[in-house]
Structure formats: C-alpha cells, structure tokens
Amino acid sequence: MSSLTTRALAPIGAAGTLFAFGLDVARGLFRRPFQLREFIQQAWFIASVTIVPTALVAIPFGAVIALQVGGLIKQFGAQSFTGSASVLAVVQQAAPIATALLIAGAGGSAIAADLGARKIREELDAMMVLGIDPIQRLVVPRVLACMLVAVFLNGMVSVVGVAGGYVFNVVLQGGTPGAYIASFTALAQLPDLYIGLLKALVFGLIAAIVASYKGMNAGGGPKGVGDAVNESVVITFLLLFVVNFTLSTIYLELVPPKV
C-alpha cells in the first residue's frame, strides 16, 4: 500500500522539486558576479538554432489563420474585418505559441543535453566542491538568454505571420490589400501586443527552467541524458498550453475586447 502511495505522490513531489529549482534560479538572478559572457554566448547560440525554423513555421501559421479566419468571416459578410481578426489571432496566440515550441524544442533540448552531459561527467559536482554554484554560473545565464531570445522571436513571428496572412488573403481569397491593412485597428489594440510579449517572456522562462532542471538531474549515462532531453520537451509543451490558457483567461478578464 505504501509503495502505491509513493508512486501516486511522485508527480507531486517532482512538481514541488521543479518549483523549488525555479525559486533557486530566481535567487540566483540577483547574485553577483553576473556571467555576462556566458549570457551572450547562450543568447547567440539559442538564436542561431531557432531563428530559421521559427521564421519557416511562422509563414504557415499566418497562412492557416488567414485562410480559416477569412473563410469564416466571409460567411458572415464581414470581409472588412479579415485583417484585424488575423492580426489579433497571430499576435495574441500564434506568435507566442510558435515561439515557445521552437524555444523548447531547439533551445531547451540543447540546454538539457549540455547540462546533462556536464552532470554525468561530474562537472557540476566538481564546481560545487570548488564553491561555485552551478545554478548561478550556468543556469541563470541560460534562463535570461531564453527569455530575451523568446521576446525577439515573438516579434519576428508576429511580423512574418501577419505578412504571410496578408499574402494568402490577397492572393488566394481575393481580398483587398487596402482593406486588409486598414482594418488592423478595428479589433486589435495595443494591449494585445503586450500580452503576446508577456507570454513569450513567460514561455521562455518556463522552457529554460524545465530544460535546466531535467539536465542537472540527469543520470544513468548517455541514455539518461537522452531521456532528460525528451522529458524536458514534453513537460515544457504541457506547461506551455496550461500557462497560455491561464494568461489568456486573465487577460480577457482584465482587458475587454474592443468594440
């Protein structure tokens, strides 16, 4: 009976350990010296492995949204709102989600693999013996780098997604270019851009913390590192959709839709 209880409570214990790890990272943000060189290197690396896939993903995201929204709005005879609805969907939902998926899938897996390899080589233990905190030295720069790159990638996805939606709406659905652009402010408003940036920032934070946690707790040799990478990506994806739903609900309660 006790073993069943232990297995049932294991997910709760893992969630508590992950939360405690996040608090340790938050404390490490204010400790000095700040690892500026590591931060710049990690930001450049994460951007280099995510920028091209993110741009390629943004095009079909914007196209699918434009086609779906355009077809739906056309049935109601409100084609003049196609541009505004597409921009609203891309900026509020598609851009942060696409950014998070790429940050977690490419950047997060690289972070988990790197820290996992250091763990099985006992480099992290050696750092602790020397009095160096691995969280402050390795994790904090990677978390900040993920958050910074996520914000910039979110802006790129928004621009590329809106541009792709414009092309597909005008070319495939016979929309009017002027009406598409002129309707941007009909439904969308400036807080919609702010919530998209906030989501990207939070998603980057979650992806980096989960990847770092799984990497620093990897065990069992190279197979354990591979398992840690897979688990970090899956856990991040699940958390992202839950957090996205929560943030969207809070935002809609605080900021009423434009009428």
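Would you mind computing, in nm to one decimal, how far apart the modelled labels at L198 and A20 are, each placed 7 Å from Cα along Cα→Cβ?
Taking the two extended label points, one gets 3.1 nm.
Determine which aspartates and glutamates satisfy two conditions relative to K199: a Cα distance under 18 Å, and not lying fewer than 8 residues away in the same chain.
Qualifying aspartates and glutamates at Cα under 18 Å: E253.
Under a plain spin-label model, where a point goes 7 Å from the Cα along Cα-to-Cβ, how far apart in nm are I51 and M127?
Each label point lies 7 Å from its Cα, and together they span 2.6 nm.
Excluding V234 itself, calculate the net charge of residues whose Cβ lies under 12 Å from the Cβ of V234, where each Lys or Arg counts +1 and each Asp or Glu counts -1.
Counting the neighbours of V234, the net charge comes to -1.
Give the residue list of trypsin sites (Lys or Arg not before Pro) in the range 97-147 that are DSSP loop and have at most 11 other beta-carbon atoms within 10 angstrom.
For trypsin sites (Lys or Arg not before Pro) across the range 97-147 that sit outside H, G, I, E and B with at most 11 neighbouring Cβ atoms in 10 Å, the list reads R121.
Per the Cauchy relation, a quarter of the hull surface: what is the mean projected area of the convex hull of the alpha carbons in the range 192-255, in nm²?
Average of the hull's projected areas for the range 192-255 equals 4.3 nm².
Can you return the aspartates and glutamates within cross-link range of K223? Criterion is Cα-Cα under 20 Å, with same-chain partners fewer than 8 residues away left out.
The qualifying aspartates and glutamates are D114, E122, E123, D125, E231.
Convex hull over the Cα atoms of the range 142-247, averaged projected area in nm²?
8.8 nm²
If packing is taken as the average count of other Cβ atoms within 10 Å, what order do 96-102, 51-57 fall into, highest mean first?
96-102, 51-57
With a sphere of radius 15 Å drawn around the Cβ of I135, what net charge do the other residues whose Cβ falls strictly inside it have (Lys, Arg +1; Asp, Glu -1)?
+2
Computed from the coordinates by the stated procedures, all read-outs in this text should not be read as laboratory data. Keep in mind it's a predicted model, so treat the numbers as computed, not measured. As a convention, Cβ positions derive from the backbone with ideal geometry for all residues, glycine included, and neighbour counts pool all protein chains shown.
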